[in-house]
Amino acid sequence: MARMQMRDGAKLHYIDVGRGEPVVLLHGFAMQGALWLPFALRHAHRYRFILPDLRGFGRSHGLALATPVLLDQHANDLADLVRGLGLHDFRLGGLSMGACTALQYHRRYGFEGVRAYLHIDQAPRVLNAADWQCGLMGDEQDQRLSEW
C-alpha cells in the first residue's frame, strides 16, 4: 500500500504496479483505483500503472478537502502525485469523474508531459453544435429533443 503526501499534508493512497512506460488511470465516482487491476495486471509486464484512490474514495476516503471544488482538489492531487513520482512522458486515462479530473488537470496544469490521453465517458460536450457533432445523442439529437 503506497501513500504520498499532498501539498496540504494529506496522504493519498495509490497502487503502483508493473514496469515500463508509466500509465496513470483515474477511477470514476464512488469507485477506487483497484478497479483497474484486472486490466493493469494483464499488461504489467509492459507498463507501469499508477492507480490513485482519488480523495474521498477507496483508501483515500477519509481525506478532507483542502479546496471547495472537488475537481480542483483531484486535479491538485494528481499534479502532486505526478510531481512526487517524477512522471514525465506518461499516459493518462480517466473514467467518468476520473475523466473530468483529467480535464481539470489539463485546465489547471496543462498536458505537458502527458504523452497520450484516453477519455472514457460520454462526450465532453453533451449537445451537438456546428463545431461538434459527437454529442451524447449523436445523429438522433434533433429528433429526441423534439420528442421531449
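Each reported figure results from applying straightforward, stated rules to the coordinates on display, with no laboratory input. Remember, it's a predicted structure, so these values are computed and weren't measured experimentally. When we count neighbours, we look across all protein chains shown, and the Cβ atoms used for this are built from the backbone with ideal geometry, even at glycine.
Of note:
- Computed from point charges on the beta carbon alone (+1 for Lys and Arg, -1 for Asp and Glu), the dipole magnitude for region 10-65 about its Cα centre is near 100 Debye.
- GNM flexibility winner over the chain from 113, 138, 33 (Cα, springs under 10 Å): 138
- Built amide H within the under 5 Å cut-off of residue 26, gap 5+: 93, 94, 95
- Per residue, the convex hull spanned by the Cα atoms of the chain measures out at 140 cubic angstrom.
- Toward the positive end of the charge dipole of the chain, with +1 on the Cβ of Lys and Arg and -1 on the Cβ of Asp and Glu, the farthest Cα among 85, 128, 23 is that of 85.
- Crossing angle, helix 97-109 versus the chain [Cα axis fit, 0-90 degrees, rounded to tens]: 80 degrees
- Axis of helix 70-85 versus longest Cα principal axis of the chain: the two differ by about 40°, to the nearest ten degrees.
- In terms of surrounding Cβ atoms within a 10 Å radius of their Cβ, 36, 132 rank from fewest to most as 132, 36.
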